[in-house]
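Trainee: Encoded as structure tokens, here's the structure I'll be asking about.
The values are calculated or read from the model by the stated rules, or taken from the named source; none is laboratory data. Computed from a prediction, not measured in an experiment: that's the story for all the values here. Reconstructed Cβ throughout: ideal geometry from the backbone, glycine too, with neighbour counts over all protein chains shown. When the accessible area is computed, the model is the full protein with side chains, heavy atoms only, and any ligands, DNA or RNA have been set aside. Shrake-Rupley method; radii C 1.70, N 1.55, O 1.52, S 1.80 Å.
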Amino acid sequence: MLRGMKRLNRYENRILKIVKLGGKLVRFKQFGFSTKTAEGFRFPIYVLEIGKEKAIKRNVAGVVAGVHGLETIGIRVLLDFLDDLFARKTSELYREIKDGELGIVCIPILNPGGVAMKRRSNPSGVDLMRNSGVEAVKAPFFFGGHKISNVFPYYRGNVLQAESKVLDRFYTEYLLPAENSMIPVIDVHSGFGAIDHVWWPYAGTHEQCADESLFQKIANHLTTKFNHILYKFGPQSETYTTHGDLWDRLYNEYQKTKAHSNPNGSRFLPLTLEIGTWSDIQLDPWKVFRKRGIFNPARESKQESIISHRKFLTDVLRLAKMKPMDLD
């Protein structure tokens, strides 16, 4: 656990550095705590508000990372993106934030206990992306989520975990009341496949979500206008299905909540960036036996991988300023 704690401390120090770099444009909030460890210790979970308060109400976009404690590349991608944004202060995105045209809300590490304890799950042994209670139509045995025991990976748990409740609060306070036409939020993960995927709902069923055509337009927009051709876009269920996906639950909640009261015609658009980390297994077969090996790129290519996603995150977050008709 000691090495995990050191890693978590490094990330938290980088978050504080970003707060300092951002000055008045960044607000740092403690949003809750992790579940308890066996020793009774809880880890704080933080949120960053970036931009003017009115922009966060009118044109907000969200970023989440660190849902799985072993997928630390996602945390580093998010922190690198924010580091670069505030260190250079020359991008169009920075100008839009400074001028109050766009607001960003972030949870840099949703599962700090998993990071500290060097495990995929939270301190209670629950896989947060199997924890929402949503039942998949058909999910792979075990990998798709199970309730056998928390000593095995992919355990769903029997109640909504503290970290999942923090994500609920994040959604309720920032994303549900947002006034922009398109409300993008991107959750950064890693550890599946040899290419980078961008998934949208659903994970639990092959049925199309209500915004399938809009997601397809976003994929076409990002591919043809911004040349993000190395990402494979589609609903997660095209790749595999799982029980308990947190974004499936929140997406469905949004559809129910806004069904009869949505004067702005707003659309909540959760996306998952799944960074493929298996391409170097042939060069280093032993990585499959290392605890964090298959969830992160090889050391030699890690920094290149981290930097490579800056432009993609920028283009996704700027969707918050657009209307669906702008994608035609």
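Trainee: Sort out which residues of region 33-66 are touching a Lys or Arg at 6+ places or on another chain (Cβ under 8 Å) and over 24 Å from L269 (Cα atoms), and write them in order of number.
Mentor: Across region 33-66, the qualifying residues are F33, S34, T35, K36, R42.
Trainee: Tally up the residues in region 232-255 that are basic (K, R) and assigned to a helix (DSSP H, G or I), please.
Mentor: Of the residues in region 232-255, 1 are basic (K, R) and assigned to a helix (DSSP H, G or I).
Yes or no, residue by residue, for (1) over 16 Å from D315 (Cα atoms); (2) touching a residue at least 60 places away in the same chain (Cβ under 8 Å):
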| site | (1), (2) |
| --- | --- |
| P184 | no, yes |
| H197 | no, yes |
| D211 | yes, no |
| N227 | no, no |
| H243 | yes, yes |
| I275 | yes, yes |
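Trainee: Can you name every residue in region 17-27 that is surrounded by 12 or more Cβ atoms within 10 Å (Cβ to Cβ) and either assigned to a helix (DSSP H, G or I) or in contact with a Gly (Cβ under 9 Å, 6 or more places away or on another chain) (or both)?
Mentor: K17, I18, V19, L21, G22, L25, V26
Residue-by-condition table, conditions (1) in a strand (DSSP E or B); (2) in contact with a strand residue (DSSP E or B) (Cβ under 7 Å, 6 or more places away or on another chain):
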{"position": "Y46", "(1), (2)": "yes, yes"}
{"position": "E49", "(1), (2)": "yes, yes"}
{"position": "A55", "(1), (2)": "no, yes"}
{"position": "V67", "(1), (2)": "no, yes"}
{"position": "R76", "(1), (2)": "no, no"}
{"position": "D80", "(1), (2)": "no, no"}
{"position": "A87", "(1), (2)": "no, no"}
{"position": "E96", "(1), (2)": "no, no"}
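Trainee: Would you mind stating whether R42 is basic (K, R), under 24 Å from N131 (Cα atoms) and open to solvent by 20 Å² or more (accessible area, probe 1.4 Å)?
Mentor: Taking the combined requirement at face value, the residue satisfies it.
Trainee: For region 160-196, how many residues meet the condition of being of a type in the set (A, V, I, L, M) and over 18 Å from H68 (Cα atoms)?
Mentor: 7
Trainee: Scan region 54-66 for residues that are in contact with a Gly (Cβ under 8 Å, 6 or more places away or on another chain) and either free of Cβ contacts under 8 Å to residues at least 24 places away in the same chain or surrounded by 21 or more Cβ atoms within 10 Å (Cβ to Cβ) (or both) and jot them down.
Mentor: A55, I56, N59, V60, A61, A65, G66 - these are the residues of region 54-66 that are in contact with a Gly (Cβ under 8 Å, 6 or more places away or on another chain) and either free of Cβ contacts under 8 Å to residues at least 24 places away in the same chain or surrounded by 21 or more Cβ atoms within 10 Å (Cβ to Cβ) (or both).
Trainee: If the requirement is being on the phi < 0 side of the Ramachandran plot, out of contact with any Asp or Glu (no Cβ under 7 Å at 6 or more places or on another chain) and part of a helix (DSSP H, G or I), which of these qualifies: I229, I218?
Mentor: The match here is I218.
Trainee: Continuing with this model, one more query. Regarding F295, is this residue modelled with pLDDT under 95, closer than 27 Å to E135 by Cβ, open to solvent by less than 60 Å² (accessible area, probe 1.4 Å) and not hydroxyl-bearing (S, T, Y)?
Mentor: In short, yes.
Trainee: For region 77-88, indicate whether the set of residues that are among the small types (G, A, S) and more than 23 Å from S305 (Cβ to Cβ) is non-empty.
Mentor: Filtering region 77-88 down to residues among the small types (G, A, S) leaves 87.
Adding the requirement that they be more than 23 Å from S305 (Cβ to Cβ) leaves none.
Looking through region 77-88, none of the residues is among the small types (G, A, S) and more than 23 Å from S305 (Cβ to Cβ).
Trainee: Now, a different point. Among residues belonging to region 122-142 that are of a type in the set (D, E, K, R) and buried (at least 24 other Cβ atoms within 10 Å of the Cβ), point out the one that is farthest from T35 (Cα to Cα).
Mentor: Of everything passing the filter in region 122-142, R130 is farthest from T35 (Cα to Cα).
Trainee: Sticking with this one: Kindly provide the set of residues from region 161-189 that are part of a helix (DSSP H, G or I), open to solvent by 10 Å² or more (accessible area, probe 1.4 Å) and charged (D, E, K, R), ordered by number.
Mentor: Of everything in region 161-189, those that are part of a helix (DSSP H, G or I), open to solvent by 10 Å² or more (accessible area, probe 1.4 Å) and charged (D, E, K, R) turn out to be K165, D168, R169, E173.
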